[in-house]
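Following: one structure in structure tokens, then a few remarks.
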Amino acid sequence: MKIDTGATAWMLAAAALVLLMTPGLAFFYGGMTRAKSVLNMMMMSFGAIISVTILWVLFGHSIAFTDNGSSFVNKFIGGFDAVGLKGVATQVSEGLLKDQSDNIPTMVFSMFQLTFAIITVALISGAIADRAKFGAWMTFTVAWATLVYFPVAHWVWGTGWLNKLGIEDFAGGTVVHVNAGAAGLALAFVLGKRRGWPKEPMRPHNLPFVLLGVGLLWFGWFGFNAGSELAVDGTTGLAFMNTQIATAVAAGAWALVEKLRDGHATTLGVASGAVAGLVAITPACGFVDPWAAIVLGAIAGVVCAYAIGLKYKLGYDDSLDVVGVHLVGGAIGALSLGFLAAYPFLPSQHKGLFYGGGAHQLGLQALGPVVIGLYSFVMAWVIGKIIDMTIGFRISADDEAAGIDVTAHAETAYDLAPAGGGASRAAVTGTAAPRAVSPDKKVEADA
């Protein structure tokens, strides 16, 4: 089977773009936390890169994208023929057009999908900022990726039961965002509220970091969405354009809500609105007209701007609004296909109500977020509770007050010593040894 070198080159670039999104998320989340926990927040994203990469090679790809041969079992989980990525290097995957003109090496497809798995797990961390043990978080990433992400990817994008039903999800509104948002909500309940929340103000400590992070996310998301066509064709261009449209409109819509509601538009609001637009357009980017991307972006920007306030009414401490942006935004995008799905290759029965489709597809698009959201929530809650009852998931009250960066990582993000101090790494981490001085003076310790 002939490999399309152009499509392969694009998919390699798209995979790199999606991988960049996780460091972008680290900056986005890191800037939104307080100064004493920014390093831990960023470490949670980089920790997900480490654990999920290893799991994907060992069995993640195999569970998500192979067939186990059993008509019943395969509805829920893939096979184990590709454990350790065995044999994948010599395989070729057909593109969506099935015309042997857009075939890419399966290893490239696997790398692309790995980056999706990484950022999905990393997204969850924003719900539990400031208060989770790093070791417990790493344990959670292993368990949740294995028991939730890999099977759900098989359900929707592999040969699983939701795929067979006909649910559409172009780039991950359900698999990524609803999945991560529901897990974040569960962990927020397991770990409880931060000390002082919501009475004490917990404002973002570095808004330039937030804007840098959202810029990297926006840039990488073109690979996330347009790359999900797995080819270079008209749909790739449509997904690329729709990603830009919905993101810009949602950022503006969120800012407008802030201006009308609070009297001023904020940089944090524009950044959050952009992410809401990116999330909402993700499942729909290759299926809707550009005018529909404007509508979807506007709806996402407005609804998510209000949805983040639910945590104050319902009493759950979703630190960085994973629920209000990713769970709600992902559900909006998935459901929108029941109304707005138009083309290019959808069969008539899969199109939205506005394009001659029936209520059946709308029902399926509502089923996906409900089923995946409930499954992810329950599994994340169970995993989180087991971790909490064994090794403990939450840091101590004293450690939380002192700052998790110092207590968990022996580091601080910012050197506030007098200028010209030239502190060594040992001094920053608090491991400096006593320093000998002249005999007539006492031995002094490094600051």
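The values are calculated or read from the model by the stated rules, or taken from the named source; none is laboratory data. Please read all numbers here as calculations on a predicted model, not as lab measurements. Neighbour counts run over all protein chains shown; Cβ positions are idealised from the backbone, glycine included. Only protein heavy atoms, including side chains, enter the accessible area calculation; ligands, DNA and RNA are left aside. Shrake-Rupley method; radii C 1.70, N 1.55, O 1.52, S 1.80 Å.
So here's what we get for this one:
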read-out	value
The chain pair-distance distribution - Cα-Cα, 20 Å bins, rounded %	25, 55, 17, 3, 0
Selected from G184, G315, G172 as most flexible by GNM, with the chain as the system and alpha-carbon contacts under 10 Å	G315
Where L123, L256 fall by accessible area, highest first, once all protein chains stay in place (1.4 Å)	L256, L123
Computed E for K193/A16 - FRET, C-beta separation, R0 35 angstrom, nearest 0.05	0.35
Per-pair calculated FRET efficiency, R0 = 22 Å: E411 and M389 via Cβ, rounded to 0.05	0.15
Helix axis angle, 267-281 relative to the chain longest principal axis, alpha carbon, degrees	30 degrees
Amide proton proximity set for V92, modelled H, under 5 Å, gap of 5+	T106
C-alpha long axis of helix 134-144 to longest principal axis of the chain, angle in °	10 degrees
Heavy-atom accessible area order for F80, F222, largest first, 1.4 Å probe	F80, F222
FRET efficiency, 1/(1 + (r/R0)^6) with R0 41 Å, evaluated for F219 and H264 via beta carbons	0.90
Label-to-label distance, nm, for residues given as V73 and L314 (7 Å Cα→Cβ offset)	3.7 nm
Environment charge at L335 (Cβ cut-off 15 Å; Lys +1, Arg +1, Asp -1, Glu -1)	-1
Unit charges on C-beta of K, R, D, E only; dipole of the chain, Debye	800 debye
Backbone HN-Hα couplings from phi across region 242-259 [Karplus 6.51/-1.76/1.60, Hz, Gly and Pro as x]	4, 4, 5, 4, 4, 5, 5, 5, 5, 4, x, 5, 4, 4, 5, 4, 4, 5
Inter-probe distance in nm under a simple model that places probes 7 Å from Cα toward Cβ, at T159 and A143	3.2 nm
When each of K86/K385; K75/K133; K36/K385; K199/K259; K311/K351; K36/K311 is checked by Cα-Cα distance, pairs over 31 Å	K86/K385; K75/K133; K311/K351
Rounded accessible area of Y343 (nearest 10 Å², 1.4 Å probe)	90 Å²
Accessible area (Å², 1.4 Å probe, nearest 10) - W291	120 Å²
Computed accessible area, F116, all protein chains, 1.4 angstrom probe, square angstrom	0 Å²
